Amino acid sequence: IHKEGEYELEIRDAIYRGREDFVYRVAVGEFPFVTSIFPLGGRVGDVATVRLNGWNLPADELKIDATSKQPGLIPVCVHNNGLVSNTVPFAIGDLPELLEREPNSREAFAQTINPGIILNGRIDEPGDCDIFKFEGREGDKVVAEVYARRLMSPLDSALTLTDGVGKKLIANDDHEDKASGLVTHHADSMLTTALPADGTYYVHISDAQEKGGAAYAYRLRISPPMPDFERR
């Protein structure tokens, strides 16, 4: 609120329906509220420093101790003056982790990686694209999967794999994850393929709607197929 005065809070059904079972709870006050975090996850055995964005927060950063955690999701919240914020998910993985490094929006500046890694990055502004480069051999199976919307990021990811001369090999926008249902609109991308030849390859990640900003974070796993992929 930027100006003193009286305000009204309206709560209604989006299409103006009403029934006895359309119940709700609403809290109004100067509560701490986390709108986004970065990075969206960390590695088992590490202590992660997470940047917080939101309102009425006690600090700009939070330490998350994953030294005794197992791979999966943990809820993160903060306390301020005896009040507890909303919770946001934080992913714990067992692969090496790397932060995306700008500039990497063109293949000439692509960030070099070795498959078997999780990349933590952001689509910083509308129209941004992050590109990662790796060397592969003919027949290598590669999986690239985005965790963003499933971790409460607004990113609607799009993935593309190209070869060393820029030829598009495979692309994906939405990948169905039955475990997440319609909450995420299956907006996270995933692609899997066998490489056609020895050489250089590029993984491109962007927002399908060409949006971007500080909250548009992602975790991108680039690796050989793993058991959790094969079960799907």
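The values are calculated or read from the model by the stated rules, or taken from the named source; none is laboratory data. For clarity, every value in this text was computed on a predicted model and none was experimentally measured. Backbone-built Cβ (ideal geometry, glycine too); neighbour counts: all protein chains shown. Please note that ligands, DNA and RNA were not included when accessible areas were found on the heavy atoms of the full protein model with its side chains. Shrake-Rupley method; radii C 1.70, N 1.55, O 1.52, S 1.80 Å.
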GNM of the chain, Cα pairs under 10 angstrom: of S36, S68, S85, the biggest fluctuation goes to S68
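Kindly report the accessible area of the range 11-61 per residue (heavy atoms of protein chains, probe 1.4 Å, no ligands, DNA or RNA), in Å². Let's see the in-between values first.
On the way: 3800 Å² over 51 residues.
Dividing the accessible area of the range 11-61 by its residue count gives 74 Å².
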Within the set E138, E102, E61, GNM on the chain using Cα springs under 10 Å gives the largest fluctuation to E138
Between the modelled labels at E102 and I11 (7 Å from Cα along Cα→Cβ) the distance in nm is 3.9 nm
Of 161-172, 197-208, 20-31, 146-157, ordering from highest average Cβ density within 10 Å down gives 146-157, 197-208, 161-172, 20-31
Across G54, G93, G41, the residue with the highest GNM fluctuation in the chain (Cα network, 10 Å cutoff) is G54
In the chain the accessible area split gives carbon plus sulfur, as whole percent at 1.4 Å, a share of 50 percent
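Within the chain, what percent of beta bridges assigned by DSSP are antiparallel, to the nearest 5?
DSSP beta bridges in the chain are roughly 85 percent antiparallel.
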Under 27 Å between C-alpha atoms, the lysine pairs in the chain lying 8 or more places apart or on different chains count 11
Per the charge dipole of the chain (beta-carbon charges, Lys/Arg positive, Asp/Glu negative, Cα centre), the residue among L98, N81, I15 reaching farthest to the positive end is L98
